[in-house]
Amino acid sequence: RLLILDFGSQVTQLIARRLREGGTYCEIWPFNAAPEEKVREFAPKGIILSGGPASVTEGESPRAPEHVFSAGLPVLGICYGQQTMAQQLGGQVEGHDHREFGRAFVDVLADSALTQGIWAKGAREQVWMSHGDRVTRLPEGFRAVATSDGAPFAITADEERRFYGVQFHPEVVHTPHGAQLLDNFAKAICGCGGDWTMKAYRAEMVQRIRDQVGKGRVVCGLSGGVDSSVAAVLIHEAIGDQLTCIFVDHGLMRANEADQVVQTFRDRFNIHLVHRDASDLFLGQLSGLTDPEAKRKTIGRLFIEVFEEEQNKIGGADFLAQGTLYPDVIESVSATGGPSVTIKSHHNVGGLPEGMRMRLVEPLRELFKDEVRVLGRELGIPEEIVGRHPFPGPGLAIRIPGEVTREKADLLRKVDSVFLEEIRTAGLYDAIWQAFAVLLPVRTVGVMGDGRTYDQACALRAVTSTDGMTAEFYPFDMGFLGRVANRIVNEVRGINRVTYDITSKPPGTIEWE
Ligand code: XMP
């Protein structure tokens, strides 16, 4: 395994991704949360120093802990990591007018263990750069392996101590052979075997959960989404009945999903599950609310209230389990804390209720979404849950602009299930990030048979995305859309018009509220 010390680069998590794709397990820790003792216990075979937004030429900028360079382990510094390593070992770093952002080329001057089998001496290779400062004098023992217009020391190596530095970012796909370079560091230089698998991770996590929890009791908020489902099944495997799952059912799930959650977890996995039907409470409190933020906040608050109530009923717990993923962790570590605008106040079923002082069990903290899916399959969780599209915590409430009522939710569920059924039949479900229907607060005139109708309109939304941050509408063919619209108007009483939302994000958002 390797340890990555994070200096706050936007792309640090990609380093971990690339390494794991090559079968090397690694973890990312903040650079200032890696005391010698803790690192020794983790026993990495090598350490990677990430990039970061600071400048080593400024006094207060972050430094790698000194023990990193005295542990006898190989070290790879990337961008800021290279610069701080160079400076800390006696070299020099300077700012320069010739900044490099984006595609750049390096000339390979010498062979090295890092570039072995990828880039030979004399080659000119494409890389991706993002820097203003550069190393201008090498520490003793180092030599230049490659150079670029903006960085005299684009790759540096001290083969004796096994210290390497790269000014560019090998972890991004725009550095075509970057993944191989990281793989060389892990395998040829650090001696990692490349045999890390999800099966091994599962066994290791089960042991870690047992060690952490001991004889304690754990509660977990279950929503039927991928993350909380996988976390629950994994924890259950580790500690069995010491785990209780609480499913706060706000009555705003899709058709049949609540039943499916109960069946899957109670009957199939034998997990102790409290199913609290709180739909009257939620719908009652939502009555009269039309402002999107007010709706979101109400749902978030009620969720916590009900969750706490149920938790008290079972006599409390020592730990709260959450399906926190890697990107969430990284965001909270690297956030610079600058002012940003709240577009939407997200409510997450796994969100830690403020004031609920419990220790956390977060077995998915090291994983990316697609890795969570692999783990879910490994645990035998049905494909309908593991491969499910993301579903927002506030549920259908944010797909019903205006006031939410039980009748509207029921109507929307019918429209939504026709749309999704057609998507599944057409084999498109997995090609789409999220697809759903929105119930519009307008009535329009139509004609059915010989009669006039005056019913509600709905919108369909389907997008592709890799992380939900940006999205494109899905380009269905017109025949498909026509078929869906026809079925909805014919089968769902109360709807007489169907529209398709073709807004990208930005400027739109995925949900309507
Ligand atoms: P937006 O609408 O902001 O959505 O473009 C981006 C992604 O986040 C989901 N979403 C939520 N997820 N709690 C959640 O757990 C929320 O309050 C919430 N609001 C939006 C949305 O479905 C999309 O995947």
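The values are calculated or read from the model by the stated rules, or taken from the named source; none is laboratory data. This one's a predicted model, so the numbers in the text were calculated from it and none came from an experiment. With ideal geometry, Cβ positions are generated from the backbone for all residues, glycine too; neighbour counts draw on all protein chains shown.
Across segment 256-283, the number of residues qualifying as in a loop (DSSP other than H, G, I, E, B) and either at pLDDT 95 or above or within 14 Å of Cys245 (Cα to Cα) (or both) comes to 4.
For the condition in contact with a helix residue (DSSP H, G or I) (Cβ under 7 Å, 6 or more places away or on another chain), closer than 30 Å to Ala203 by Cβ and part of a helix (DSSP H, G or I), Arg18 qualifies. From the list Ala186, Ala110, the lone residue that is within 20 Å of Met85 (Cβ to Cβ), in a loop (DSSP other than H, G, I, E, B), at pLDDT 95 or above and touching a Lys or Arg at 6+ places or on another chain (Cβ under 9 Å) is Ala110. The condition of being aliphatic (A, V, I, L, M) and touching a residue at least 60 places away in the same chain (Cβ under 8 Å) holds for only one of Leu3, Leu109, Leu76, Leu49, that being Leu76. For segment 452-471, the set of residues classified as surrounded by 13 or more Cβ atoms within 10 Å (Cβ to Cβ), near the ligand (Cβ under 10 Å from one of its atoms) and more than 12 Å from Ala435 (Cβ to Cβ) consists of Gly468, Thr470, listed by residue number. Each residue in segment 391-443 was checked for being part of a loop (DSSP other than H, G, I, E, B) and within 16 Å of the ligand (Cβ to nearest atom), and 9 pass.
Condition check ((1) in the same structural domain as Leu364 (by TED's automatic domain parsing); (2) out of contact with any strand residue (DSSP E or B) (no Cβ under 9 Å at 6 or more places or on another chain); (3) over 19 Å from Lys408 (Cα atoms); (4) among the β-branched types (Val, Ile, Thr)) across all residues:
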position: Gly284; (1), (2), (3), (4): yes, yes, no, no
position: Asp291; (1), (2), (3), (4): yes, yes, no, no
position: Ile299; (1), (2), (3), (4): yes, yes, no, yes
position: Phe303; (1), (2), (3), (4): yes, no, yes, no
position: Gly315; (1), (2), (3), (4): yes, yes, yes, no
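For segment 451-497, filtering for residues that are assigned to a strand (DSSP E or B) and over 31 Å from the mean Cα position of the chain (by Cα) leaves 10.
Return a yes/no flag: does segment 148-158 have any residue that is touching a helix residue (DSSP H, G or I) at 6+ places or on another chain (Cβ under 6 Å), in a loop (DSSP other than H, G, I, E, B) and among the hydrophobic types (A, V, I, L, M, F, W, C). Within segment 148-158, none of the residues are touching a helix residue (DSSP H, G or I) at 6+ places or on another chain (Cβ under 6 Å), in a loop (DSSP other than H, G, I, E, B) and among the hydrophobic types (A, V, I, L, M, F, W, C). Considering segment 283-307, the residues that are more than 30 Å from the chain's Cα centre (by Cα) and without any contact (Cβ under 8 Å) to a residue 40 or more places away in the chain include one that is surrounded by the most Cβ atoms within 10 Å (Cβ to Cβ), namely Gln285.
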